[in-house]
């Protein structure tokens, strides 16, 4: 999991001296969960995914895409 989007985002935060991303669960339904995340003063909303880890990866990828780092 060393190349996960979450690790890449944490690396981006370290390089830019930003606070690390904060993940917020926005609901869990049977077989689905999703997260919002705040990083660098911005908010990102993830898609519904089948696991907590997949949901965190999803929202981290959205943030990396926004910053041109994915």
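Here are some notes:
- Residue within region 35-53 that is touching a residue at least 60 places away in the same chain (Cβ under 8 Å) and either in a strand (DSSP E or B) or over 8 Å from the mean Cα position of the chain (by Cα) (or both) present: no
- Selection status of residue 44, surrounded by 17 or more Cβ atoms within 10 Å (Cβ to Cβ), farther than 19 Å from residue 3 by Cβ and either in contact with a helix residue (DSSP H, G or I) (Cβ under 8 Å, 6 or more places away or on another chain) or at pLDDT below 95 (or both): yes
- The lone exception for residue 27 - which of (1) touching a strand residue (DSSP E or B) at 6+ places or on another chain (Cβ under 8 Å); (2) modelled with pLDDT of 95 or more it fails: (2)
- Of all the listed residues (8, 56), the sole one being touching a residue at least 40 places away in the same chain (Cβ under 8 Å), farther than 16 Å from residue 69 by Cβ and either touching a helix residue (DSSP H, G or I) at 6+ places or on another chain (Cβ under 9 Å) or not in a helix (DSSP H, G or I) (or both) is 56.
- The residues of region 15-33 include none that are surrounded by 14 or more Cβ atoms within 10 Å (Cβ to Cβ), free of Cβ contacts under 8 Å to residues at least 24 places away in the same chain and under 12 Å from the mean Cα position of the chain (by Cα).
The values are calculated or read from the model by the stated rules, or taken from the named source; none is laboratory data. Model, not experiment: these values are computed from the prediction. Counting neighbours? That spans all protein chains shown, and the Cβs are built from the backbone with ideal geometry, glycine included.
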